[in-house]
Amino acid sequence: MAWAARRPLTGVLLLVVAGHLLVSTLLDLFADGDVLVILDGNPQVSGAGAATWARPAVTVLFWLIGLVAAAWVVARDGSASPAEAIWHGMRRLPVFALGAVATAGAAGLALWTVAEVSTGPVFVLLALAVLVVAAYLTARVLLIGIGWAVGEPRRVPGRAETGTFLLAAVLLPMLLGWFRGQAGPVPYADRPLDALLLAAVIAVQAGAATRRHVEPAAPERPARVWPFATAAVLTAALTVGAVTQNPYQAPVIRTGPGTDSTVAAVGWPAGQHPVIVTLAGVRYCDDDRCTRYHGVTGGPAAVDSWTTTTIGADGTVVKTSTSGGEDAGGPFLNYARCVPDGCRTAYLPVRTSATDKLDMSLNLEVAGASAPDGALWFFVAAPVSGGAYGRYRLTLIRCAEVACATPERHELGVTDRTPSDDYPDGRRARLTIGTGGRPAAAFWLGHSILRYTCDRSRCGQDFQPAGEAVTTWTSSGDRAAALSGDLVFDGDRTWQLGDFGTGESGVVVLARRATYVAAAVAAAPAAGFRITVGSAEPQRYRRETVWRCAGSACTSVPLDTYAGEGRKEMLAVSEDGRVLVVRDDRVLLLETPL
């Protein structure tokens, strides 16, 4: 019968597609209390506003209307027009909606009761039994309702008919939904594809539900499909056009493939594409999302807490670590200067002579950077004896060329080591050089940041307090900022971001007279029904978020949502305010300046 009614059935399905797309697009205009972003051409809503809760409700309503309308035209062998069928479905919507709420509530109550009275394997068995019984009863009630809707209110489906409907109309759509989920996001096409999937589900369910309802009437004339096809095409064009024109003024985000390796540093030199440093090497990107790049390798591996990595204003990468012991004339600075043509590696003794003794029971902290004139600068915090907890001797070293035949050493002084501040060694030193060529060194010590700068006449020191239990910190020129929990410290200013996820997430960057932060906040998963069985913790989800803090407030934009704990990310800001966030699984480019 479904084949005989294919033309009016197609009209019904096209009307469902058009209506679903139109209402979803209109909801984007009224996302009050939510945050709307456009991710790879697809609108995404996060938050707890009305629009977030309305979207699944709209899908359920169009499913119910479309199912009743499709069953109506199939049962009548195509004698009903698509418009009449849709109206028929709308008239019976309240009854079906109440039934859907009642069955969902009963299933939820049963699962809650099972969870309260059982644990372990017993809970697993009882929960599965509840789900099977709930699915069977829901299918039976739905068949009874469809029979009432198509004019056979007294017919009660049998067990075989209910089981067949359950297999054809529930498991098959679930399989289609799984394949759609595996396909992942499709640029500019997620909503049209989801609407088409909804139409396919309705067609399968209507055919399975009405195969025993016989109506001998034949259509008086073939139904015209083109008006409904035109409506569906126009609403699809409206959906894509709204995203392209962006009347919502929503932030636009584009993504690219991840690095598949631990990210050590990201920079965005003025007038160039980004530069990404990973454990495997250096990537000089050919586009802003780094979908294509030129890779170079060499020098010490960019291992966290062992090698410091700095990306200069011109894109030159300097990787610095230490190697060797005093018995071999060391320790040595093991460094590499990387440009698109490749990396050059060299070694430089930290000590000036054999009589220069260091306290090697403490960690040697180093950082390097490239100056605009091609020289290399190194900041060295060498541990020496003295004081209650030891001391650091701080030095800036300038090398005119990579080989560094005649290093210029500038003593900055000696500072006492503090009691343990719970900050990992190997991350305490920072060195940056701006376009003016002036080196600016920073050193983390005892919940404070010591800053040093040198000009042609002298070197000076500055002091900046920072928070405890710091996630990460950074420095640039005469500024330093620290991220401590959900607090950001930048000089005498402090901002509170709100709680964010655990794991390795959290990075802070100074750029364009503002402080930028990227971190993963706890988030709800994408819409869908999920059940966690057993004693394991429920699956956690994180939403990558970027903040820009300036003045007295911070503004934020959510980027994407992923499962698991917070992942390590790196952040870079272009000269025009665009933001690049790089993770091992994904690259996210915020095209709209904050």
Might you check whether a residue that is modelled with pLDDT under 90 and of a type in the set (Asp, Glu) occurs anywhere in segment 275-298?
no
Looking only at segment 399-410, how many residues end up being exposed (fewer than 13 other Cβ atoms within 10 Å of the Cβ) and among the charged types (D, E, K, R)?
2
Top-ranked residue in segment 421-431 [being without any contact (Cβ under 8 Å) to a residue 60 or more places away in the chain and not aromatic (Phe, Trp, Tyr); ranked as surrounded by the fewest Cβ atoms within 10 Å (Cβ to Cβ)]:
422
Any idea how many residues of segment 330-353 are of a type outside the set (Asp, Glu) and more than 18 Å from residue 384 (Cβ to Cβ)?
14
Just to be sure before I move on: is residue 385 touching an Asp or Glu at 6+ places or on another chain (Cβ under 6 Å) and more than 19 Å from residue 328 (Cα to Cα) in the structure I sent?
yes
State the number of residues belonging to segment 411-420 that are surrounded by fewer than 17 Cβ atoms within 10 Å (Cβ to Cβ) and in contact with a strand residue (DSSP E or B) (Cβ under 8 Å, 6 or more places away or on another chain).
5
Residue under question is residue 344, and the condition is that it be modelled with pLDDT of 95 or more and surrounded by 18 or more Cβ atoms within 10 Å (Cβ to Cβ); does it hold?
no
Kindly check whether there is at least one residue in segment 341-355 that is among the aromatic types (Phe, Trp, Tyr) and within 24 Å of residue 424 (Cβ to Cβ).
no
Which residues, taken from segment 308-341, are crowded, with 20+ Cβ neighbours inside 10 Å and aliphatic (A, V, I, L, M)?
311, 317, 318, 333, 336
Residue count, segment 105-153, condition open to solvent by 40 Å² or more (accessible area, probe 1.4 Å), outside any helix (DSSP H, G or I) and over 29 Å from residue 86 (Cβ atoms), comes to 1
Condition check for residue 304: open to solvent by 40 Å² or more (accessible area, probe 1.4 Å), assigned by the TED database to the domain that holds residue 376, of a type outside the set (A, V, I, L, M, F, W, C) and under 29 Å from the mean Cα position of the chain (by Cα):
yes
Would you be able to say whether some residue in segment 432-442 is on the phi > 0 side of the Ramachandran plot and either assigned to a strand (DSSP E or B) or buried (at least 18 other Cβ atoms within 10 Å of the Cβ) (or both)?
no
Suppose we filter segment 159-199 for residues that are open to solvent by less than 50 Å² (accessible area, probe 1.4 Å), acidic (Asp, Glu) and out of contact with any strand residue (DSSP E or B) (no Cβ under 6 Å at 6 or more places or on another chain); how many remain?
1
Provide a single number: the residues in segment 259-280 that are in contact (Cβ under 8 Å) with a residue 60 or more places away in the chain, part of a loop (DSSP other than H, G, I, E, B) and open to solvent by 10 Å² or more (accessible area, probe 1.4 Å).
6
Inter-residue pairs, beta-carbon under 6 Å, first among the hydroxyl-bearing types (Ser, Thr, Tyr) and in segment 195-208, second assigned to a helix (DSSP H, G or I), 6+ apart
none
Can you tell me how many residues within segment 180-202 are assigned to a helix (DSSP H, G or I) and over 23 Å from residue 61 (Cα atoms)?
2
Sort out which residues of segment 541-572 are open to solvent by 20 Å² or more (accessible area, probe 1.4 Å) and within 24 Å of residue 475 (Cα to Cα), and write them in order of number.
548, 550, 551, 552, 553, 554, 555, 556, 567, 568, 570
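The values are calculated or read from the model by the stated rules, or taken from the named source; none is laboratory data. Bear in mind the structure is a predicted one, so any value in this text is a computation, not a measurement. Note that we place each Cβ from the backbone using ideal geometry, even for glycine, and neighbour counts take in every protein chain shown. Keep in mind that these areas ignore ligands, DNA and RNA; they rest on the heavy atoms of the full protein, side chains included. Shrake-Rupley method; radii C 1.70, N 1.55, O 1.52, S 1.80 Å.
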